[in-house]
Each structure stands twice: as C-alpha cells, then as structure tokens.
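Below: the structure, in structure tokens.
The values are calculated or read from the model by the stated rules, or taken from the named source; none is laboratory data. Predicted, not measured: the structure shown is a model, and the values here were computed from it. Reconstructed Cβ throughout: ideal geometry from the backbone, glycine too, with neighbour counts over all protein chains shown.
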C-alpha cells in the first residue's frame, strides 16, 4: 500500500490526493490491526509474519513522514519531530534485532502504544491537510500531535534502550 500512497501524492491533484492518500494510510492501518488481532485470536503466527509486521509498520510511518516533509505539511521546526520519530524507529528496530539474536525480547509498553496511536492520528490529520473542512484545523492538530508523539518517542526510545543495554 505504500507505493499506492506515495503515487497518490504525485498522480492525483488537489483535495483528491489528500483524501486518497489518507484512505490508503487508514486502510493499511486497519488491515494491519485486523491481521494482528486475527493472528492472536486464532494463535496463527509465523516467523516471517513476526519479522515483517514491524518492518511494514515502520516503512508506512517513514513513507508518510517523508511525504509530509516533501509536500511541506511538516515544515520548520516540526521537521525535527519527524526526524526524532524516524531515528527512534531505526534505533529500536536495530536493538530488537540485536536482542533477538540473544533470545531476549523487549515487550511493547502501553506508553509506546499510545505513542503509536498519537503518531498515526498526527499523520492522518497531516495527510488530509488543507482538504479538511474549514472548521477542522487539520495541519495544526497534526503538527501538535506530531510533537506529542516525538516527545513520547524520546521517552519510550530511552526506556527501550535502557532495557536493552542491560543485555549488551
């Protein structure tokens, strides 16, 4: 779905581009949630799925962040928030990969789940952007949520790093 989301920015024009990219992003998020829910409910998992799911999540977030920066929906100092989020994703992924070789698992915290939720809301508002109804300041809401997610990202990233360093 990532190539479709990126293509919608370049191939479609105006508000249609915003709404289609938002719909693709939302669909990707919903299907990811349902896939995980069904896998847990029916105890159906695979090593490939466990490996690919977090990578796909991070790629979707990274692509959306990069597109928002490219299309000036994230600009100025808010680019720092986007960089913080991207860097944390790579650091935590690398840490998890390293610890997996040691047979050590770091569970996802509730705060990290909140961070992800706020991050997704931020990107949803930023994807809609100026196509939102006039009474919804989508870019401002997205920008604020992005900063909240970045602050939570710093905290949860530090928390994961602190837990992981014990095993190094």
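Here are some notes:
- Restricting 61, 55, 85, 24 to those that are more than 17 Å from residue 125 (Cβ to Cβ) and in a helix (DSSP H, G or I) reduces the list to 55.
Here is a yes/no grid of residues against (1) in contact with a helix residue (DSSP H, G or I) (Cβ under 7 Å, 6 or more places away or on another chain); (2) surrounded by fewer than 16 Cβ atoms within 10 Å (Cβ to Cβ); (3) more than 22 Å from residue 69 (Cα to Cα):
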| site | (1), (2), (3) |
| --- | --- |
| 95 | yes, no, yes |
| 139 | yes, no, no |
| 152 | yes, no, no |
| 158 | no, yes, yes |
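- Residue in the range 32-43 that is surrounded by 15 or more Cβ atoms within 10 Å (Cβ to Cβ), within 28 Å of residue 95 (Cβ to Cβ) and within 14 Å of the chain's Cα centre (by Cα) present: yes
- Within the span defined as the range 92-107, one or more residues are under 15 Å from the mean Cα position of the chain (by Cα) and assigned to a helix (DSSP H, G or I).
- Residue ID - surrounded by the most Cβ atoms within 10 Å (Cβ to Cβ), chosen from residues in the range 69-81 that are assigned to a helix (DSSP H, G or I) and either modelled with pLDDT of 95 or more or touching a strand residue (DSSP E or B) at 6+ places or on another chain (Cβ under 8 Å) (or both): 81
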